[in-house]
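The values are calculated or read from the model by the stated rules, or taken from the named source; none is laboratory data. Please read all numbers here as calculations on a predicted model, not as lab measurements. All Cβ positions, even for glycine, are placed from backbone atoms using ideal geometry, and neighbour counts span all protein chains on display.
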Amino acid sequence: MKILYATSEAVPFCKTGGLADVAGSLPSAMAKQGAEVAVVLPLYRLVKERFGAELKFECFDYVDLAWRHTYCGLFSLEKDGVTWYFIDNEQYFDRPELYGYMDDGERFGFFSRAVVRMLPHMQFWPEVIHCNDWQTALVPIYLKDEGVREERLRSIRTALTIHNIEYQGRYGKETLGDLFGLDYGWAADGTLLMDGDVNLLKGAILCADAVNAVSPTYANELKMAYFAHRMETIMRRCTYKLSGVLNGIDTKLYDPETDRRLSARFSAEHPEGKDADKAELQKLMGLRQEAHTPIVAIVSRLVSHKGLDLICEVLHDMMELPMQLVILGKGDQKYEEFFRWAAQQYEGRMAVRLDYNEELSMSIYAGADLFLMPSKSEPCGLSQMIAMRYGTVPIVRETGGLKDTVQPYESWRDAGNGFSFRNYASGDMLYVIREAVYLYKDYPDAFARLRKRAMECDFSWERSAKEYLRIYAGITAQAWPVVPEIGPVGAAEEAKSTAEGNAVIAAETAVETPAAEVPTETPAAEVPAATVPVEEKETPLEEAAPAEPEKPEKKEKKPAARKGAAKKTPVKKAVGKKTETTPDEKTANVKHKYTPKKGPAAKPKKKETAE
């Protein structure tokens, strides 16, 4: 299977958010599964500065975007079994930042058009182009638009991943032709027009062959107005092609046993080094050196949908608990000013760094005891996965990927890998924080087991890659991945049944109730008990025809015995004609109520029973 992954950022080349982590890890994970994968992204100034010496020039061409006829270069780089392509145009991409410019629509319109036009210059012709968010949302649209004139483009299927539906690529409707070079019909039929604007993400959702969100819960939430940012009707309309695949993390990069960024390394089996990392974090952030006081950490963008309003409401109540608080991040001014002021009120117990530093964040993940993420909405979230990987137990609100990755702690059966609360309420959050802090203080053994379970969770990309390959197989009608053989001898014949899973149900009910052992489509109550010899209990499952699943509320065993007794005399005469009964003849003895036509052997039995 040949896959082209289109993205606006990817680790290690450039990064502003979680999309870069996904695009940097998922393609290589799919390549390890046997797929042929290439990634295409813009050639930013940052990429040139860091990797320019490794890039190989492939070719150049010209791309038409509305009335523009623009140069487009193509560079490549081989890394981890994946071919990385870079679209070059200095006018659009030779800038200090990745996003945030007035002409972002034109920049990524050009990028999407270039992805389609440069396909003949790449090493393979893709079967699937996987797009991400609004920056590549025009790719499925351009494929359909140009596929009318170029038949070869019609063979390509498209998949779209929604990382955050809040960002939709909305522009004035006058941009449709002048900026993106599309006919007005795309707006007239409602494909691209929404609330009077051109909405690129909406068009991609409608045009793509498959749409997926970055977690199963987020996929369901996108059908609700609260989460969908006015796109709920579109998402409900496309339910048939919508799925949710949970993101993963790079388990080699984020490995406390080998991470050289830490002052001391540790593992789930040998967690002793975490105490040294905690002491180092307290020293680094100016906190009191208290080994038995839990550190609650926040590493986040300081924006409202991260749930910071809840923290502001109950911060003073939180600081009354025997805990320390560390915050790393930057964002809205009101949150920055509040946390800066609060840190002055709780000197030695609360530390704030209004910045983002990769090395400092890893020191926090490794040194903290609890990780707080009370998000109002969180499509997937990677921070809680990284925190668990480093033995920092998460406290989250049950939304999006947080709900899918964090199972709440249950003391009565010593289960779970973190703490969670459902309602977006500061009181509920405070209650769970208090529960976590006192578990750490009063029950260190239980907390150690909880931490160990969190560290042992599997968040590798291998699991996610398999799910994506199944999606691609569905839209390309390919048998990928190969389905392994199931069951013992005879399972292959059972699998051919038109009712999927019918044979498995028959096998289970055959063990539970003798009545289900009868190879018939009628309820067991209608079959005379005397027609089934005792030896038939040992009949292999593959010899029995699939049976209809029984309704749980009806107990068929006793009624079958009573009805068999009522018809005992005529049945004995029928059975007495043969001393041995072959499997085919056993089936012939059974009355098939819902089968209109039977073989010659079945008709005499029906007549004989009626007598």
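Only one of 153, 160 is under 18 Å from residue 109 (Cα atoms) and in contact with a helix residue (DSSP H, G or I) (Cβ under 6 Å, 6 or more places away or on another chain); which? Please lay out each step first, then the result.
Working: 153 fails: under 18 Å from residue 109 (Cα atoms).
The match here is 160.
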task = For the range 144-175, name all the residues that are in contact (Cβ under 8 Å) with a residue 40 or more places away in the chain and within 26 Å of the chain's Cα centre (by Cα).
result = 157, 158, 159, 160, 161, 162, 163, 164, 165, 166, 168, 169
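Return yes when residue 378 is closer than 26 Å to residue 223 by Cβ, under 20 Å from the mean Cα position of the chain (by Cα) and among the acidic types (Asp, Glu) and no when it is not. Walk me through how you get there before you give the answer.
Values: closer than 26 Å to residue 223 by Cβ: yes; under 20 Å from the mean Cα position of the chain (by Cα): yes; among the acidic types (Asp, Glu): yes.
Against the criterion (closer than 26 Å to residue 223 by Cβ, under 20 Å from the mean Cα position of the chain (by Cα) and among the acidic types (Asp, Glu)), residue 378 qualifies.
Yes/no matrix, rows are residues, columns are (1) in the same structural domain as residue 213 (by TED's automatic domain parsing); (2) of a type in the set (A, V, I, L, M, F, W, C); (3) modelled with pLDDT under 95:
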{"residue": "311", "(1), (2), (3)": "no, yes, no"}
{"residue": "319", "(1), (2), (3)": "no, yes, no"}
{"residue": "324", "(1), (2), (3)": "no, no, no"}
{"residue": "329", "(1), (2), (3)": "no, no, yes"}
{"residue": "338", "(1), (2), (3)": "no, yes, no"}
{"residue": "347", "(1), (2), (3)": "no, no, yes"}
{"residue": "365", "(1), (2), (3)": "no, no, no"}
{"residue": "372", "(1), (2), (3)": "no, yes, no"}
{"residue": "388", "(1), (2), (3)": "no, yes, no"}
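Condition check ((1) of a type in the set (A, V, I, L, M, F, W, C); (2) under 18 Å from residue 3 (Cβ atoms); (3) modelled with pLDDT of 95 or more) across all residues:
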{"position": "148", "(1), (2), (3)": "yes, no, no"}
{"position": "152", "(1), (2), (3)": "no, yes, no"}
{"position": "158", "(1), (2), (3)": "no, yes, yes"}
{"position": "174", "(1), (2), (3)": "no, no, no"}
{"position": "177", "(1), (2), (3)": "no, no, no"}
{"position": "191", "(1), (2), (3)": "no, no, no"}
{"position": "194", "(1), (2), (3)": "yes, no, no"}
Answer residue from the range 233-291, given it is among the small types (Gly, Ala, Ser) and surrounded by fewer than 13 Cβ atoms within 10 Å (Cβ to Cβ) and is farthest from residue 466 (Cα to Cα) among those = 286
ask   = When both residues are 6+ apart or on different chains and their Cβ atoms are under 9 Å apart, which pairs have a first residue that lies in the range 331-353 and is in contact (Cβ under 8 Å) with a residue 12 or more places away in the chain and outside any helix (DSSP H, G or I), and a second that is of a type in the set (Lys, Arg) and surrounded by fewer than 16 Cβ atoms within 10 Å (Cβ to Cβ)?
value = 331/301; 332/301; 348/288; 349/288; 352/340; 353/330
ask   = Could you say whether any residue in the range 355-366 is hydroxyl-bearing (Ser, Thr, Tyr), touching a residue at least 12 places away in the same chain (Cβ under 8 Å) and surrounded by fewer than 17 Cβ atoms within 10 Å (Cβ to Cβ)?
value = yes
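One residue is enough: does the range 292-311 have a residue meeting the conditions over 24 Å from residue 381 (Cβ atoms), in contact with a helix residue (DSSP H, G or I) (Cβ under 6 Å, 6 or more places away or on another chain) and surrounded by fewer than 22 Cβ atoms within 10 Å (Cβ to Cβ)?
Pass one, the range 292-311, residues over 24 Å from residue 381 (Cβ atoms): 292-293.
Add one more test, that the residue is in contact with a helix residue (DSSP H, G or I) (Cβ under 6 Å, 6 or more places away or on another chain), and what stays is none.
Looking through the range 292-311, none of the residues is over 24 Å from residue 381 (Cβ atoms), in contact with a helix residue (DSSP H, G or I) (Cβ under 6 Å, 6 or more places away or on another chain) and surrounded by fewer than 22 Cβ atoms within 10 Å (Cβ to Cβ).
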inquiry  = Just to verify a result, which residue in the range 242-288, among those that are in contact (Cβ under 8 Å) with a residue 60 or more places away in the chain and among the basic types (Lys, Arg), is farthest from residue 223 (Cα to Cα)?
reply    = 288
remark   = Pairs returned, first residue in the range 12-27 that is among the aromatic types (Phe, Trp, Tyr), second residue that is assigned to a helix (DSSP H, G or I), beta-carbon separation under 6 angstrom, 6 or more apart or interchain, are 13/47
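What number of residues within the range 316-328 are surrounded by 19 or more Cβ atoms within 10 Å (Cβ to Cβ) and free of Cβ contacts under 8 Å to residues at least 60 places away in the same chain? Walk me through it before giving the result.
Of the residues in the range 316-328, the ones surrounded by 19 or more Cβ atoms within 10 Å (Cβ to Cβ) are 318, 323-328.
Those left that are additionally free of Cβ contacts under 8 Å to residues at least 60 places away in the same chain: 324-328.
Residues that pass the stated criteria total 5.
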query = With (1) outside any loop (DSSP other than H, G, I, E, B); (2) out of contact with any Cys (no Cβ under 7 Å at 6 or more places or on another chain) as the list, and residue 378 as the residue in question, which single condition is left unmet?
reply = (1)
request  = With respect to residue 47, determine if the residue is under 27 Å from residue 467 (Cα atoms) and assigned by TED's automatic domain parsing to the domain that holds residue 175.
outcome  = no
request  = Restrict the check to the range 237-260 and report whether at least one residue is over 30 Å from residue 461 (Cβ atoms) and not assigned by TED's automatic domain parsing to the domain that holds residue 432.
outcome  = yes
